[in-house]
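Student: Take a look at this one; I'll ask things after.
Bear in mind these aren't lab numbers, they're just calculated from the coordinates by the rules spelled out. The shown structure was predicted, so the numbers you read here are calculated from the model rather than taken from an experiment. We place every Cβ from the backbone using ideal geometry, glycine too, and count neighbours over all the protein chains shown.
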Amino acid sequence: MIRQGDKVRIKWEWQDPGDEEIEFIAIEDEDGGRVSIRAMLGWPIDPIQRVSVDMLEHAKESQS
């Protein structure tokens, strides 16, 4: 289950070049197998995308 504030990583088979270097944060709780994530790029408005949770895994920093 992905919760708001969790750091996530896009699984390698779904990554675009450079995604492995970007920190992604869930901006809401998982709902219906999908979740919105924000790419933490430091831009005035960071990009947000809604993806299937099957495309994600928890980043090591967010696991307890």
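Student: Taking the Cα-to-Cβ direction at ILE48 and at LYS60 and moving 7 Å from each Cα, how far apart do the two end points lie in nm?
Tutor: So the two model labels end up 3.0 nm from each other.
Student: What does the extension gain come out to for MET40 and GLU20, with contour length at 0.36 nm per residue minus their alpha carbon separation?
Tutor: Full-extension gain reported as 6.0 nm.
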